[in-house]
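Below is one structure; the comments refer to it alone.
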Amino acid sequence: MSDRNFFLSPKASKARLREAENARKNRWEIISAHSHGQVTRRDLIKMGLFTGAGLMIPISGLSPFARSAFADSNIPTGLPPSPLFGVQAFSTPMPRFDVLPRQPVSVLTPAPTAQANTTQQPVDPALGGGTGPIEGRPPGPIWAHQQFSQLPPVIAIQATMEGAKTNNVYNPTVPSLQNSGINPATPIPYKFHPGLPVQNVLKDWTYNGTIPPKLMLVRYGEPVLFRLRNKLPVNQSQNGGFGIHTISTHEHNGHHGAENDGFTGAFFFPNQFYDYHYPVVLAGRNTINTTATDNRASGPTDAGGLNKIPGDWHETMSTHWFHDHMFSFTAQNVYKGMAGMFNIYSGLDRGAEDIVDGVNLRLPSGRASVSGKSWGNLDYDVNLMLADKAWDVNGQLAMDIFEFDGFLGDQMTVNLIYKPFMEVERRKYRFRILNASVSRFFKIALSDGSPMIQIANDGNLFPHPVTLTQLDEQGIAERYDIVIDFSRYSVGQKIWMVNLAEHQDGKRVDKDLSISEALSGNSPDPCVGKFLEFRIARNPAQPDISQVPSTMIPNPDLSNIPVARERVFEFNRGANQTTNDPVSSFFGPWGIETDNQRGTLAADFGRISAAPRFGTREIWTLKNGGGGWDHPIHIHFEECQTLARDGSAANVPAWERGRKDVWRLRPGGEVKITLQFRDFGGMFMEHCHNTMHEDNAMLLRWEIDDGGAPFLRPLPTPIPKPQGVTFVPPTEILPTAF
Amino acid sequence: MNTQVNIKTGRQRFSANVLTLLVGVVAVLVLGNPSVQAQTAGASTVDSSVTIATTGTVTEGTTTVNVNGSVTIKCRRVIDNTSTTLTPLVLLDFDFSQLQGTTGSGKTLVTYVTGDNHATAIRPFQASDTIVVTIPYFDSTKDALSANTFLATAALNFDSSTGKLTSGTLTYGTNVFKSSGVGTFPVN
């Protein structure tokens, strides 16, 4: 067994397990005090518990990496394994996502407004008392919904953010037969498995407070107003020991104004709401196909036709997700459950495999002629949210927020259920796979080594499908859409999805295993091996007419768009803290250097690191300066094309030759990408999506601020408070930002 | 090292099957490309690659497919200069796109392709390593949905001082996981 594993083996001695549990309890007191605001990180440094770089000093009885008193001198204490309470893997069905209802905008009370609704309401004394606005969005014209009158919301989707509770209104939108026999009318308690304990209301916070995770179904040409109400406890200490009650939701990776992007500093408080306006448009809508004459630039109509829209059809997107983006608390809040998925339907990617019109790619989904739905059929189009979790001796969700290297869970969940099974038919299925972990990378294969057809990366359908028997590593926030053809199996057979990526800690993958290694049971990483069982339950009632076309969506042609400038971002350890705003700045061991100037800087959403000009295209180089670590880097706003890896276009693998929004830099690696800045403006982000790195403090702000009124150059920074958002000048503007 | 244990375990697990199912193989080191050494603040990297001319046969049911073509393996060794605890690693990329398979001859000739297949792996750096992957292959006149698979076992050798991938062999055989990786359950 390796000597530096994050979790102890359940077979470890009782003395070691007891020692580890004591260490966790000791650490837990510090974590709770920190999350309640009773001690700051600086206090912990002064107390000698942390280094200036933010690393926990290996003190026996505290750090999981302190030397164990019960083992050889170099063996760390480790974390105690999560108890399973006798639960067996693959003993409960995997629930499909819970689809959020789509309603007319007229149901919203109060009606949505272009600028934030600043109607006053009493503020709870725990939040400072007095009065404050009912909407937490920053007020005024700069944070008004852009193009609100041209793209008025048609559909309202509402949700609350609240603590764990039983789901009595599960809406999978597929028949029970397509949901492994789950009866949607049966209440679903918040458990990671029916045999595991019910989660405490303070431990798990999620959309509507319930599982399965939530799914939004939207279509191009139909703007959506997503109203999120914050129903979390007003008392910051009522957090179950980690997480924070202020939230900001990022629709990853929507092409819309920054006011809807879940900016990390545009968070809102309990008892407030925030209106996110998702216009669901194609990039380039103001310059390409402006008269909306191209059938391929379109959304599906209810009648099975096409609603043609402006923009570049090559920018069509399909699989997004949404998650919390609270400044320096993203890891904790997402781990607590603040994550869902977001399927976008288009003329090309219709979600109805039997519509034949020369535009529809007819990917596996379901038949409109059977369901009566001309788009968004999910029968054979399955969202999978992968996440590693850990729980304490009582079965309650547990996290160690001081694992700045990266936090790993020791139990695999799919759609927030511990190692479930899924019944499938002998036909093709599309799987939209999201890595929703905090720090864990996955590498997926089928247990029999059979091929999978990858069709999309980060929600962007490829120019051509790619046939693989093991997917590339999948970093946090990356989405891989694949097609598996189960017709090669017989009814009564079962196979498994297998994770080949072995971690020892949260820094990076230690080793990719072969299938036989992963299935051997010898890996010290409990999340290696089988995690989802497919049971080939029956033949399809109707022939499989779905397709995987050899040509899907070619890349946008950028050859005639000049490159306005190039920038370089290096992601490093050992950041400098050059600003001290108590709200917008945060110090941690991580940081980003921009254009080889000013050194590596810790996060401050008041600092402007880059300000590309509206309507231009740039080339950005993302460098991993963090030694042998890996960083999945995410750039908000518009999808990019990968030009080179490690200096060569030939190093860009086939599955990265489409568009993307997250890149694993790989140890010692760098990526060169190109992106455009158009259609909308405001302040966006770039950060590592190992959210422990992001929160500590590998994040920067960039902005598009020269598009004319209402924008100012530079943009003032919002400072949210329950009594209202104020604005302050940027804390710093890097010399090459403009 | 855990790596050794796992590899040994993995190989033993299917070695008996492989002996009966595998037919053959070959592997000849053809050339090694120049390496690139790079140094950033955080890491030292050394790039290398080998191209291996391979041939072999794979039996699937009653069909025997003759496999041949070159496989290029790119390697980057990374040493983390910021850490004394992180072991050096190699990033490997196997390019199987030049492999082809054939059955029959004349009018019955069928050509199989791998569909631009690549496989990637991160492994701890060591003098030698064995990596097993499956490779898809399908009739070149059909689409990838009809793909079958065969097994490739790569035995790679590295220069411990330079960090370069120096040589390797590739062995092809029947995909044993098609039996060991599939289970059954009672159908209601």
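The values are calculated or read from the model by the stated rules, or taken from the named source; none is laboratory data. Since this is a predicted model, take the numbers as computed values, not measurements. FYI the Cβ positions are ideal-geometry reconstructions off the backbone, even for glycines, and counts take in every protein chain you see.
Results, tabulated for the structure shown:
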item: Selection within the stretch A:517-544 - closer than 20 Å to B:Phe125 by Cα and either facing chain B (nearest Cβ under 8 Å) or of a type in the set (Gly, Ala, Ser) (or both); result: A:Glu517, A:Ala518, A:Asn522, A:Ser523, A:Pro524
item: Count of the stretch A:396-442 residues which are in a loop (DSSP other than H, G, I, E, B), within 13 Å of chain B (Cβ to nearest Cβ), surrounded by 23 or more Cβ atoms within 10 Å (Cβ to Cβ) and modelled with pLDDT of 95 or more; result: 1
item: Count of the stretch A:278-325 residues which are in a loop (DSSP other than H, G, I, E, B) and either farther than 24 Å from A:Leu384 by Cα or of a type in the set (Phe, Trp, Tyr) (or both); result: 27
item: The stretch A:303-320 residues that are at positive phi, paired with ones that are assigned to a loop (DSSP other than H, G, I, E, B) and small (Gly, Ala, Ser) (beta carbon under 8 Å, 6 or more apart); result: A:Gly304/A:Ala352; A:Gly304/A:Ser374; A:Gly311/A:Ala283; A:Gly311/A:Gly284; A:Gly311/A:Ala297
item: Residues (within 13 Å of chain B (Cβ to nearest Cβ) and either of a type in the set (D, E, K, R) or within 21 Å of A:Glu251 (Cα to Cα) (or both)) located in the stretch A:443-459; result: A:Lys443, A:Asp448
item: Among (1) at the interface with chain A (Cβ under 9 Å from one of its Cβ atoms); (2) touching a Leu at 6+ places or on another chain (Cβ under 9 Å), the one test that B:Gly42 misses; result: (2)
item: Count of residues meeting criterion [of a type in the set (D, E, K, R) and at the interface with chain B (Cβ under 9 Å from one of its Cβ atoms)] in the stretch A:460-496; result: 5
item: Residue within the stretch A:324-332 that is surrounded by 22 or more Cβ atoms within 10 Å (Cβ to Cβ) and within 25 Å of A:Ile484 (Cα to Cα) present; result: no
item: Strands (runs of 3 or more DSSP E) wholly inside the stretch A:122-224 that include at least 3 residues being in contact with a Gly (Cβ under 8 Å, 6 or more places away or on another chain) and of a type in the set (A, V, I, L, M); result: A:214-219
item: Residue in the stretch B:106-113 that is assigned to a helix (DSSP H, G or I) and within 14 Å of chain A (Cβ to nearest Cβ) present; result: no
item: Cβ-Cβ under 9 Å pairs, at least 6 apart or on other chains, the stretch A:634-650 side assigned by TED's automatic domain parsing to the domain that holds A:Arg678 and without any contact (Cβ under 8 Å) to a residue 24 or more places away in the chain, far side of a type in the set (Ser, Thr, Tyr) and not in a loop (DSSP other than H, G, I, E, B); result: A:Ala649/A:Thr642
item: Residue within the stretch B:61-73 that is at the interface with chain A (Cβ under 10 Å from one of its Cβ atoms), part of a strand (DSSP E or B) and touching a residue at least 60 places away in the same chain (Cβ under 8 Å) present; result: no
item: Of the criteria (1) at pLDDT below 95; (2) within 24 Å of A:Met341 (Cβ to Cβ), which one A:Gln504 fails; result: (2)
item: Count of the stretch B:157-185 residues which are closer than 26 Å to A:Leu519 by Cβ and in a loop (DSSP other than H, G, I, E, B); result: 5
item: Residue that is surrounded by the fewest Cβ atoms within 10 Å (Cβ to Cβ) [pool: residues in the stretch B:117-138 that are more than 13 Å from A:Thr467 (Cα to Cα) and more than 8 Å from chain A (Cβ to nearest Cβ)]; result: B:Ala127
item: Residue within the stretch A:556-575 that is surrounded by fewer than 20 Cβ atoms within 10 Å (Cβ to Cβ), within 14 Å of another protein chain (Cβ to nearest Cβ), small (Gly, Ala, Ser) and closer than 30 Å to B:Asp80 by Cβ present; result: yes
item: Scan of the stretch B:47-60 for residues that are more than 14 Å from chain A (Cβ to nearest Cβ) and over 16 Å from the mean Cα position of the chain (by Cα), ordered by number; result: B:Thr59
item: Residues within the stretch A:567-591 that are hydrophobic (A, V, I, L, M, F, W, C) and either free of Cβ contacts under 8 Å to residues at least 40 places away in the same chain or farther than 19 Å from A:Met326 by Cα (or both), tallied; result: 4
item: The stretch B:139-188, residues that are over 25 Å from B:Thr45 (Cα atoms), away from chain A (no Cβ under 12 Å) and among the β-branched types (Val, Ile, Thr); result: B:Thr141, B:Thr171
item: In the stretch A:529-555, residue surrounded by the most Cβ atoms within 10 Å (Cβ to Cβ) [restricted to those that are under 25 Å from the mean Cα position of the chain (by Cα) and under 30 Å from A:Leu513 (Cβ atoms)]; result: A:Leu532
item: Qualifying residue in the stretch A:640-647 (condition: crowded, with 24+ Cβ neighbours inside 10 Å, in contact with a Gly (Cβ under 8 Å, 6 or more places away or on another chain) and of a type in the set (Asp, Glu)); result: no
item: Those residues of the stretch A:417-441 which are farther than 23 Å from A:Arg538 by Cα and under 14 Å from the mean Cα position of the chain (by Cα), in sequence order; result: A:Ile433, A:Leu434, A:Asn435, A:Ala436, A:Ser437, A:Val438, A:Ser439, A:Arg440, A:Phe441
item: One residue from B:Thr114, B:Thr149 being touching a Lys or Arg at 6+ places or on another chain (Cβ under 8 Å), free of Cβ contacts under 8 Å to residues at least 40 places away in the same chain and crowded, with 23+ Cβ neighbours inside 10 Å; result: B:Thr149
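Conditions (1) basic (Lys, Arg); (2) surrounded by 23 or more Cβ atoms within 10 Å (Cβ to Cβ); (3) assigned to a strand (DSSP E or B); (4) more than 14 Å from chain B (Cβ to nearest Cβ), marked per residue:
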| site | (1), (2), (3), (4) |
| --- | --- |
| A:Thr579 | no, no, no, yes |
| A:Gly599 | no, no, yes, no |
| A:Ser609 | no, yes, yes, yes |
| A:Thr621 | no, no, yes, no |
| A:Ile633 | no, yes, yes, yes |
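Residues checked against (1) crowded, with 21+ Cβ neighbours inside 10 Å; (2) under 30 Å from A:Pro212 (Cβ atoms); (3) aromatic (Phe, Trp, Tyr):
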{"residue": "A:Ser82", "(1), (2), (3)": "yes, yes, no"}
{"residue": "A:Thr92", "(1), (2), (3)": "yes, yes, no"}
{"residue": "A:Phe97", "(1), (2), (3)": "yes, yes, yes"}
{"residue": "A:Pro122", "(1), (2), (3)": "no, no, no"}
{"residue": "A:Glu135", "(1), (2), (3)": "yes, yes, no"}
